[in-house]
Amino acid sequence: METSSAPGKVFLFGEHAVVYGEPAVVCAIDRRVTVAAGTTDNTRDSIHADADTGLPVSEIRAEYDGERTILTGETDGFEYIETAVDRAREEVESDARLEIEIESELPIGAGLGSSAAVVVATVDAVTRELGVELDPERIAEIGHEVEKEVQGAASPADTFTSAVGGVTYVEPDDELRSLDTEEFSETELVVGYDGDSAPTGEMVEGVRRLREESDVAARVVESIGDLTREGVDAVKRGDIEETGDLMNLNHGLLEALGVGSSSLSRMVWAARDSGAEGAKITGAGGGGCVVAVPGDDPETVAAGTEIESERVFEVTVSDGVRRE
Ligand code: PMV
């Protein structure tokens with residue numbers, strides 16, 4: 001049995017625009033998905049996913065051999081897991097059957113990269129169990145293929161960040177790299193969660209349509225790219241004030257693209273009103289999470305944000321996929 005874990009993430013800048021080749025700055029956070037993989041003599045794979053945190057991560061118990069039998073629970077997330085197991089097996093040219101056990105600290109579909117984290121941790125645990133140690137960059141590539149297969153469209157932002165950890169700069173057609181951000185890496189971030197979720201695919205489709213129909217919307221997407229190019233320098237310098245200002249600007253542009261919601265706005269304003277330097281949606285939007293840079297007083301910002309949130313997480317920058 002091999003066990004691996006991989007982190008969730010927040011977007012500091014650039015979600016949605018990254019789908020059109022603009023850059024994004026993404027940060028791995030210290031809430032993780034843990035996957036244990038063991039080979040079995042059974043003729044089918046079996047997968048059990050459970051949440052140990054009281055968050056609404058569906059419990060899944062299922063068997064799979066090309067055809068799926070759900071034994072208990074919902075199917076949310078199942079396709080990601082079975083596709084990741086298949087791709088990992090292909091990578092090491094094995095036909096072994098596997099038992100997979102998953103625990104998650106991340107809400108599903110809420111902008112914290114739960115699908116990328118489960119995919120990255122599954123690929124690492126399965127390939128290790130089958131005797132091959134892949135480097136994080138290769139795990140990220142396989143993870144990106146899995147997300148594209150399951151979602152139809154996906155940028156490499158989530159899977160790359162979950163695999164390599166830290167703060168990353170993702171420019172899809174050009175480069176994916178880790179940022180040297182010693183100062184920013186010590187910053188605490190506050191994440192507000194409204195208990196809601198929205199399918200990434202649908203949110204991406206909504207922005208795609210708007211961008212096609214409206215030149216103004218297309219320029220909003222380009223403006224997100226421009227502010228991200230400024231934001232990356234602010235993050236590298238550890239300039240929290242400028243990072244926060246640019247996050248506020250980014251939030252406004254995401255709302256202009258139609259991916260805001262009243263509860264996301266309430267959490268953003270609660271964070272700002274309690275002293276955050278900046279706050280914005282993280283991820284696809286529509287519902288889920290916001291991220292705030294709290295400046296000097298994370299406790300006050302967390303307490304203020306909590307008033308408008310279902311849950312608040314205080315997080316720090318985390319390492320990438322690792323063996324447990
Ligand atoms: O909500 P999440 O964590 O799935 O993030 C989606 C981010 C998008 O930029 C909207 C899509 C993508 O593939 O990058």
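Taking the condition of being hydroxyl-bearing (Ser, Thr, Tyr) and in contact with a Lys or Arg (Cβ under 6 Å, 6 or more places away or on another chain), how many residues in the range 139-161 meet it?
To start, the set of residues in the range 139-161 that are hydroxyl-bearing (Ser, Thr, Tyr) comprises 155, 159, 161.
Going one step further and asking which of them are in contact with a Lys or Arg (Cβ under 6 Å, 6 or more places away or on another chain), we end up with 161.
Residues that pass the stated criteria total 1.
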Restricting to the range 246-289, name every residue that is touching a Leu at 6+ places or on another chain (Cβ under 9 Å), within 12 Å of the ligand (Cβ to nearest atom), closer than 17 Å to Gly109 by Cβ and part of a loop (DSSP other than H, G, I, E, B). Thr282, Gly283, Gly285, Gly286, Gly287, Gly288
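Do you know which of the residues in the range 9-47 that are assigned to a strand (DSSP E or B), in contact with a Pro (Cβ under 9 Å, 6 or more places away or on another chain) and within 16 Å of the ligand (Cβ to nearest atom) is nearest to Ile240 (Cα to Cα)? Give the steps one after another, and end with the answer.
Keep residues of the range 9-47 that are assigned to a strand (DSSP E or B), which gives 9-13, 24-40, 45-47.
Restricting the remaining residues to those that are in contact with a Pro (Cβ under 9 Å, 6 or more places away or on another chain) gives 13, 24, 28-33.
Checking which are within 16 Å of the ligand (Cβ to nearest atom) leaves us with 13, 24, 28-29, 31-33.
Details: Phe13: 13, Ala24: 17, Ala28: 17, Ile29: 17, Arg31: 22, Arg32: 25, Val33: 28 Å.
So, considering only residues that are assigned to a strand (DSSP E or B), in contact with a Pro (Cβ under 9 Å, 6 or more places away or on another chain) and within 16 Å of the ligand (Cβ to nearest atom), the one nearest to Ile240 (Cα to Cα) is Phe13.
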I need the full set of residues from the range 290-307 which are under 22 Å from the mean Cα position of the chain (by Cα) and either outside any helix (DSSP H, G or I) or aromatic (Phe, Trp, Tyr) (or both), in order please. Val290, Val291, Ala292, Val293, Pro294
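Got a number for residues in the range 92-119 being within 16 Å of the ligand (Cβ to nearest atom) and assigned to a loop (DSSP other than H, G, I, E, B)? Write out each step before concluding.
As a first pass, look at the range 92-119 and keep what is within 16 Å of the ligand (Cβ to nearest atom): 104-119.
Now restrict to residues that are assigned to a loop (DSSP other than H, G, I, E, B): 105-113.
Summing the residues that are within 16 Å of the ligand (Cβ to nearest atom) and assigned to a loop (DSSP other than H, G, I, E, B) in the range 92-119 gives 9.
Against the definition (in contact (Cβ under 8 Å) with a residue 12 or more places away in the chain, more than 13 Å from Glu15 (Cβ to Cβ), part of a loop (DSSP other than H, G, I, E, B) and more than 16 Å from the ligand (Cβ to nearest atom)), how does Ala234 come out, yes or no?
Numbers: in contact (Cβ under 8 Å) with a residue 12 or more places away in the chain: yes; more than 13 Å from Glu15 (Cβ to Cβ): yes; part of a loop (DSSP other than H, G, I, E, B): no; more than 16 Å from the ligand (Cβ to nearest atom): yes.
For Ala234, the condition - in contact (Cβ under 8 Å) with a residue 12 or more places away in the chain, more than 13 Å from Glu15 (Cβ to Cβ), part of a loop (DSSP other than H, G, I, E, B) and more than 16 Å from the ligand (Cβ to nearest atom) - is not met.
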What about Asp76, is it within 18 Å of Glu147 (Cβ to Cβ), surrounded by fewer than 24 Cβ atoms within 10 Å (Cβ to Cβ), out of contact with any Gly (no Cβ under 7 Å at 6 or more places or on another chain) and at pLDDT below 85? yes
For the range 299-324, pairs from a residue that is farther than 16 Å from Ser5 by Cβ to a residue that is aromatic (Phe, Trp, Tyr) and surrounded by fewer than 23 Cβ atoms within 10 Å (Cβ to Cβ), with Cβ under 8 Å and 6 or more apart or across chains, are Glu308/Trp269
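The values are calculated or read from the model by the stated rules, or taken from the named source; none is laboratory data. Just so you know, these numbers come straight off a predicted model, no measurement behind them. Cβ atoms come from the backbone with ideal geometry, glycine included; neighbour counts cover every protein chain shown.
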